[in-house]
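Read the figures in this text as sums done on the coordinates, not as results from a lab. As the structure is a prediction and not an experimental result, all values here were calculated from the model. Because the Cβ atoms are built from the backbone with ideal geometry, glycine has one as well, and the counts that use them run over all protein chains shown.
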Amino acid sequence: MTETTAASVAGESATVRGTPYSVLQMNLCLSGLAGCQRYPRVVRETIRVIRTRKPNAVTFNEVCKRDVARIADRTGYRARFATVLYRGRPLPCRSPRGRGVFGNAVLTKATITGSVDRRYRAQADQEKRRWLCVTTAGRRVTVCTTHLSPRGSARARAANRRQCAELADVLAARVRRGPTIAAGDINRHGNCTPAGMWTRTDDRAAQKPGIQHVYGSRRHLRRPVARVVRARFTDHDFLHVRARLLRPANR
């Protein structure tokens with residue numbers, strides 16, 4: 001495990017009251033199309049890390065619907081899943097089959113009160129990139145995840161840039177409503193945050209450093225600290241970010 005530098009929000013006092021809140025970002029490479037899949041060991045590793053870290057929310061990229069249901073059941077979290085189309089249709093995960101379709105997901109400890117997911121306007125490849133946001137009860141935190149296009153060609157770089165701008169607009173709208181945290185495989189080193197959000201990345205990861213990000217609303221989530229958790233059975237390490245969730249001023 002590698003720890004990033006703990007940086008406070010500029011101008012913030014040394015002590016901040018609030019409730020601990022953390023998110024764990026994971027890209028599990030579970031479709032069966034790519035050579036990085038190491039099933040079922042990655043599922044067992046994921047369950048173990050969630051049980052050890054006990055995050056308030058988990059964001060998943062490159063996962064399968066039934067694997068997510070299994071992980072949620074074994075850890076006691078609520079789940080929302082968003083199907084990602086491949087070649088115009090849902091992609092059944094394989095090697096082995098029977099694990100449902102491919103996509104992104106969010107797990108939360110709190111009850112999920114609603115969710116929305118949309119496809120980005122800009123696309124560059126056969127996998128149609130999209131975002132997913134869920135709202136939760138209690139502190140009414142919104143948790144989002146996404147997986148942007150890799151930047152392997154001029155067309156893909158242009159799509160990634162446009163997806164990044166669209167994501168910033170999506171998050172800006174949610175930050176205006178209340179506490180918001182977002183995480184995902186952004187496939188770029190530059191961030192996609194609107195004004196009013198901080199960024200932490202897996203820049204000290206052993207695998208593909210710097211392209212997984214966590215964003216949080218500065219007004220609501222203070223003193224973010226990131227840790228990279230080494231992953232043995234997928235091609236991305238895990239990114240765990242802890243912060244302090246403040247109560248809304250009107251509560």
| request: Measure nothing fancy, just the Cα-based angle from helix 154-175's long axis to the longest principal axis of the chain, in degrees from 0 to 90, nearest 10. | output: 40 degrees
| How are the C-alpha pair distances of the chain spread across 5 Å bins, as whole percents from the shortest bin up? | 1, 7, 14, 19, 21, 18, 12, 5, 2, 1, 0
| query | To the nearest 0.05, what FRET efficiency results for ARG41 and ARG247 with a Förster distance of 45 Å applied to their C-beta separation? | reply | 0.65
| Helix 65-75 vs. the chain, principal-axis angle (Cα, 0 to 90°, nearest 10) | 50 degrees
| message | Can you compute the helix-only [θ] at 222 nm over the chain? Use -39500 (n - 2.57) per DSSP H run of at least 4 residues, normalise by all residues, nearest 500 deg cm²/dmol. | response | -6000 deg cm²/dmol
| task | Any chance you could give the angle, 0 to 90 degrees and rounded to 10, that helix 41-53 forms with the longest Cα principal axis of the chain? | result | 10 degrees
| Interchain or long-range residues, amide H under 5 Å from ASP202's placed H | GLY210, ILE211, GLN212
| request: Give me the distance in nm between label points sitting 7 Å out from Cα along the Cα-to-Cβ direction at ARG87 and ALA69, one decimal. | output: 2.5 nm
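What FRET efficiency, computed as 1/(1 + (r/R0)^6) with R0 = 35 Å and r the Cβ-Cβ distance, is obtained for ARG51 and HIS189, rounded to the nearest 0.05? Please list the in-between numbers first.
Details: r = 31 Å, r/R0 = 0.89.
Approximately 0.65, to the nearest 0.05.
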| task | Can you tell me how much longer the chain between LYS109 and GLN207 gets when fully stretched, taken as 0.36 nm per residue apart minus their C-alpha distance, in nm with one decimal? | result | 32.5 nm
| query | Between rounded, prolate and oblate, where does region 171-215 land on the alpha carbon gyration tensor, with a ≥ b ≥ c its root eigenvalues, rounded for a/c under 1.5, else prolate if a/b exceeds b/c? | reply | prolate
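Length gain on complete extension for the stretch ALA173 to SER95, per 0.36 nm per residue less the alpha carbon to alpha carbon distance?
Details: separation 78, 0.36 × 78 = 28.08 nm, distance 3.94 nm.
Net length gain for the segment: 24.1 nm.
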